[in-house]
Amino acid sequence: MSSAHQTLGVFSNRNLGEVDDKRFAIVVAEWNEEVTERLYNGALSTLLNEGVRETNVVRKEVPGSFELSLGAQYMAQWKEIDAVICLGCVIRGETPHFEYICQAIAYGLTEVGLKYNKPVVFGVLTTDSHEQAMDRAGGKFGNKGSEAAITAIKMLNF
Ligand code: DLZ
């Protein structure tokens, strides 16, 4: 579950390094679309602000957050893709198997990143309510999509 106090404010975006030749895939879950679209807009605008070329960003969709791992794998296996940003939103109150889905995504994305030796970023909100998710998708606690984009850039310049 997201901490109520976790915001972009704790996240430094200084000295990110060169990104103009880097290519990104953004995989977006359709479930809780109102939230995930905001995450996507946050991620894309952050990449562009940091100097990534728009033609170097590809967007793909998966039905729900559970499918992010496979979507990430499809993208990571392309040699043309340098980093994969995965965006989703799982809401505890509306998801009886919340823990299983969240755990599966965390393990799945970790595995893909290690298998392909590329940044695969967990930009998935795991909240108690829709309101908490909106707060973290461009609301009062920042935008987890932007944070995910910064994470991808940082790991590319590791
Ligand atoms: C089935 C389901 C439920 C109940 N809740 C969510 C959710 O809150 N967020 C989300 O991204 N996806 C949810 N899903 C869909 C699953 O992620 C998945 O798409 C289906 O179980 C099919 O594998």
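Listed by Cβ neighbour count within 10 Å, with the fewest neighbours leading, ILE26, ILE91, ILE85 appear as ILE91, ILE26, ILE85. Taking label points 7 Å from Cα along the Cα-to-Cβ direction, GLU33 and HIS130 give a separation of 1.4 nm.
Counting only lysines at least 8 places from LYS140 when in the same chain, those with an alpha carbon closer than 30 Å to its own are LYS60, LYS154.
Extension gain TYR74-LYS140, at 0.36 nm per residue separation less the Cα-Cα distance, in nm?
Details: separation 66, 0.36 × 66 = 23.76 nm, distance 3.36 nm.
Length difference between fully extended and current span is 20.4 nm.
Its alpha carbons give the stretch 24-156 an Rg and a Dmax of 13.5, 41 Å.
Counting only other residues whose beta carbon sits under 11 Å from that of GLY42, what net charge do I get with K and R as +1, D and E as -1? Present the calculation step by step, with values, prior to reporting the outcome.
Values: positive: ARG38, ARG136, LYS144; negative: GLU37, GLU147.
Local charge sum for GLY42: +1.
Calculated mean residue ellipticity, 222 nm, the chain: -13000 deg cm²/dmol, from DSSP H runs (n ≥ 4) at -39500 (n - 2.57) each, averaged per residue and rounded to 500. Helix 33-49 and the long axis of the chain differ in direction by around 20°, with both axes built from C-alpha atoms.
What FRET efficiency, computed as 1/(1 + (r/R0)^6) with R0 = 22 Å and r the Cβ-Cβ distance, is obtained for ASP21 and GLU61, rounded to the nearest 0.05? That gives a FRET efficiency of 0.30. With respect to the chain, whose longest principal axis is taken over its alpha-carbon atoms, helix 98-116 is tilted by about 10°.
Residue order for ARG23, ARG59, fewest other beta carbons within 10 angstrom first, comes to ARG59, ARG23.
I want the antiparallel fraction of DSSP beta bridges within the chain, as a percent rounded to 5. Show your work: numbers first, answer last.
Numbers: 2 of 21 bridges.
In the chain, DSSP labels about 10 percent of beta bridges as antiparallel.
Taking 0.36 nm per residue of separation and subtracting the current Cα-Cα distance, fully stretching the chain between GLU54 and ARG92 would add 10.3 nm.
No value in this document is a laboratory result; all are computed from the given coordinates. This structure is a prediction, so every number in the text was calculated from the model and none was measured. No Cβ is skipped: glycine too gets one built from the backbone with ideal geometry, and neighbour counts run over all protein chains shown.
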